[in-house]
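The values are calculated or read from the model by the stated rules, or taken from the named source; none is laboratory data. Just so we're clear, the structure is a prediction, and the values are computed from it rather than from any experiment. Heads up, the Cβs are rebuilt from the backbone with ideal geometry, glycines too, and the neighbour counts pull from every protein chain shown. Ligands, DNA and RNA are stripped out before the accessible areas are found, and what is left, the full protein with its side chains, is counted by its heavy atoms. Shrake-Rupley method; radii C 1.70, N 1.55, O 1.52, S 1.80 Å.
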Amino acid sequence: MQNRNETEQYISLVEQVMEIRKRGEQPLAFIRTYGCQQNVADSEQVKGLLAEMGYGFTDTPDNADFILFNTCAVREHAEDRVFGNVGALKSLKRKHPSILIALCGCMMEQEHIAQRIHKSFPFVGLVFGTNCIHDLPKMMYQCLVDGKRLIVRGSQDTVIYEDIPKRRDGTFKAWLPIMYGCDNFCTYCIVPYVRGRERSRTPETVINEAKSLIESGYKEITLLGQNVNSYGKGLSDDKKMTFAQLITEIDKIEGDYLLRFMTSHPKDCSKELIDTIANSKHISTHLHLPFQSGSDRILKRMNRHYDREKYLEIIRYAKEKIPNVSLTSDIIVGFPGETYEDFQETLSLVEEVGFTSLFTFIYSPRKGTPASKMDDPISYEEKNRWFQELLATQEKISARRCADMVGRQYRVLVEGYTNHGTELQARTSGNIIVELQGNENLIGQFCDVEVTEAKNWILKGKTI
Ligand code: SAH
Ligand code: SF4
Ligand code: F3S
């Protein structure tokens, strides 16, 4: 169990340290988050604790007293970016020796990475893994006061620390983790090793948090977990609930809001869940259901526990029950031993389903996973050609789906300005982006729009 008094004691200690060593008025923290929404949600807890310790926040490392990168280990590319960006902090630390540079998150749970950081980046003072966040004040105290260099890992810790404060990034969109870790051990994936065993928050804590978010005006809540469909595993009998039951309960909360969730695993995606979405008031009509590969042979080698037909059966049921359901997926191209024929099965599945959009990845070997030991004879260049073929196929499908939306009306949540800055960007329940002209006051509000134009996969609309 977490000892709250102990945490508060450390917070006050760190505050004292800050008093002595602050460079400006208030010590500042710079946090950069890589990876998935789970990491984003974790960073919100880190920021919550830092705020309690008296820190303010800055969006550049140059004037920060505390610099933290929350890292992702899912593909090699993600790790390379972190190494590059950490290297760049060396001169900053030389200029301002009092700053504390820290790294946390999934990458840090890997022994070989922690060692590499220890050896190659002596200016990094603190390394901590997933599920160590509650100890941040204590760890910072040890670094700042005792002058220690710390490496702390926590993926084996199965406790859920419920009372860590959160400082949410959004004012109308919120992440709500309902479970942590993963037990699926897909053979390519590092997540179960760095996030530990699957554990669920109790229905009561999740529902109460959703209630308080809705009461304080949040318009979109996204429930998070590596496999939300297996929610509830390990809860005591009196608290047992399936994911479908959980979202049914949340859906009953009065208010004007949209409920999203991710990620769903096809092996646990029940008809009950699809019926729940279909009959709900607030649940989005978007289903993100990663299939990874269209080839049964490859799905077996990936340890995914479903086959192409089972996947298509869920898709058919979802299309039948949820009008205009918007489907998205993750796909891996070039899994070890995958042939061009296997890849063709992925392509044909993509054509058959008609996804709104896809998250596509070239297989990246992860140290310690079973797939990294499998024979992988296809060259990266070849895999990249297949990958481009997949992108081209999906581009046509997305363009067709967007063109079909022209002239129709949708309820959207306006999120802010587009990257180019002049128009507003909004999102449909199906998670499709619509750009529109409008007043700043619309940001954070639902409004009805008519789609006026589709440029490939970008939609333009006007408010009605
Ligand atoms: N828990 C989620 C997603 C986790 S990671 C799920 O099961 O769907 C997000 C995506 O990254 C995965 O769906 C997969 O498509 C991709 N991915 C994971 N490991 C990978 C690897 N080693 N190489 C390439 N892509 C990978
Ligand atoms: Fe990784 Fe599979 Fe777990 Fe998703 S379900 S996090 S892909 S092991
Ligand atoms: Fe990356 Fe960890 Fe998420 S490995 S994808 S940040 S769970």
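Mind listing whichever residues of segment 219-248 are open to solvent by 30 Å² or more (accessible area, probe 1.4 Å) and away from ligand 1 (no atom under 16 Å from the Cβ)? Passing the criteria: K219, G234, S236, D237, D238, K239, K240, M241, T242, Q245, T248. Only one of the numbered conditions (1) open to solvent by less than 40 Å² (accessible area, probe 1.4 Å); (2) within 30 Å of T369 (Cα to Cα); (3) of a type in the set (D, E, K, R) is not met by D251, and that is (2). Restricting to segment 412-430, and then to whatever is touching a residue at least 60 places away in the same chain (Cβ under 8 Å) and in a loop (DSSP other than H, G, I, E, B), can you tell me which residue is most open to solvent (accessible area, probe 1.4 Å)? Out of the qualifying residues, it is S429. So which residues in segment 305-349 are within 18 Å of D275 (Cβ to Cβ) and polar (S, T, N, Q)? Those that are within 18 Å of D275 (Cβ to Cβ) and polar (S, T, N, Q): N324, S326. Exactly one residue out of S270, S280 is open to solvent by 10 Å² or more (accessible area, probe 1.4 Å) and modelled with pLDDT under 95, and it is S270.
Every condition in (1) surrounded by 19 or more Cβ atoms within 10 Å (Cβ to Cβ); (2) modelled with pLDDT under 95; (3) not hydroxyl-bearing (S, T, Y) holds for F128 except the one numbered (2).
Of the residues screened, L103 is not one that is touching a Lys or Arg at 6+ places or on another chain (Cβ under 8 Å) and of a type outside the set (D, E, K, R). Scanning segment 94-105 for residues that are open to solvent by 10 Å² or more (accessible area, probe 1.4 Å) and either in contact with a strand residue (DSSP E or B) (Cβ under 6 Å, 6 or more places away or on another chain) or in a strand (DSSP E or B) (or both) turns up just one, L100. Can you confirm whether segment 133-150 contains a residue that is open to solvent by less than 50 Å² (accessible area, probe 1.4 Å), assigned to a strand (DSSP E or B) and more than 23 Å from C36 (Cβ to Cβ)? Checked against the condition, which is being open to solvent by less than 50 Å² (accessible area, probe 1.4 Å), assigned to a strand (DSSP E or B) and more than 23 Å from C36 (Cβ to Cβ), segment 133-150 yields at least one hit. If the condition is being open to solvent by less than 20 Å² (accessible area, probe 1.4 Å), farther than 23 Å from S429 by Cβ and out of contact with any Cys (no Cβ under 8 Å at 6 or more places or on another chain), then segment 191-218 contributes G196, S200, R201, P203.
Here is the figure for segment 41-63: residues that are surrounded by 22 or more Cβ atoms within 10 Å (Cβ to Cβ) and of a type in the set (G, A, S) total 1. Please verify whether S293 is of a type in the set (G, A, S), without any contact (Cβ under 8 Å) to a residue 60 or more places away in the chain, farther than 25 Å from Q245 by Cβ and within 16 Å of ligand 2 (Cβ to nearest atom), treating the condition exactly as stated. When the stated conditions are applied, S293 passes them. If we scan segment 189-198, do we find a residue that is under 30 Å from V152 (Cβ atoms), within 15 Å of ligand 1 (Cβ to nearest atom) and either in a strand (DSSP E or B) or in the same structural domain as M107 (by TED's automatic domain parsing) (or both)? No, because not a single residue in segment 189-198 is under 30 Å from V152 (Cβ atoms), within 15 Å of ligand 1 (Cβ to nearest atom) and either in a strand (DSSP E or B) or in the same structural domain as M107 (by TED's automatic domain parsing) (or both). Just one residue in the set L436, L442 is open to solvent by less than 40 Å² (accessible area, probe 1.4 Å) and either of a type in the set (A, V, I, L, M) or at pLDDT 95 or above (or both); that residue is L436. Against the list (1) polar (S, T, N, Q); (2) in contact with a strand residue (DSSP E or B) (Cβ under 7 Å, 6 or more places away or on another chain); (3) surrounded by fewer than 21 Cβ atoms within 10 Å (Cβ to Cβ), the condition Q388 fails is (2). For segment 125-165, name all the residues that are without any contact (Cβ under 8 Å) to a residue 40 or more places away in the chain, charged (D, E, K, R) and under 18 Å from V191 (Cα atoms). D157, the sole residue that qualifies. In segment 34-49, the residues that are closer than 15 Å to M107 by Cα and assigned by TED's automatic domain parsing to the domain that holds D135 reach residues that are near ligand 3 (Cβ under 8 Å from one of its atoms) and basic (K, R) with C-beta atoms within less than 8 angstrom, at least six apart or across chains, in these pairs: Q38/R195. Among the residues of segment 351-366, the ones that are under 15 Å from I190 (Cα atoms) and within 14 Å of ligand 2 (Cβ to nearest atom) come to 4 in all. Taken as a whole, segment 64-72 holds no residue that is open to solvent by 10 Å² or more (accessible area, probe 1.4 Å) and away from ligand 2 (no atom under 16 Å from the Cβ). Under the condition of being within 15 Å of ligand 1 (Cβ to nearest atom) and part of a loop (DSSP other than H, G, I, E, B), the residues counted in segment 293-337 number 12. Hey, any hits in segment 117-124 for a residue that's more than 17 Å from the chain's Cα centre (by Cα) and either open to solvent by less than 10 Å² (accessible area, probe 1.4 Å) or in contact (Cβ under 8 Å) with a residue 40 or more places away in the chain (or both)? Checking segment 117-124: at least one residue is more than 17 Å from the chain's Cα centre (by Cα) and either open to solvent by less than 10 Å² (accessible area, probe 1.4 Å) or in contact (Cβ under 8 Å) with a residue 40 or more places away in the chain (or both). Checking the structure you have, find out if any residue of segment 153-169 is open to solvent by less than 40 Å² (accessible area, probe 1.4 Å), assigned to a helix (DSSP H, G or I) and not charged (D, E, K, R). Taking every residue of segment 153-169 in turn, none turns out to be open to solvent by less than 40 Å² (accessible area, probe 1.4 Å), assigned to a helix (DSSP H, G or I) and not charged (D, E, K, R). Given the structure, is Y180 among the hydroxyl-bearing types (S, T, Y), within 16 Å of ligand 1 (Cβ to nearest atom), more than 30 Å from E254 (Cβ to Cβ) and crowded, with 21+ Cβ neighbours inside 10 Å? In short, no.
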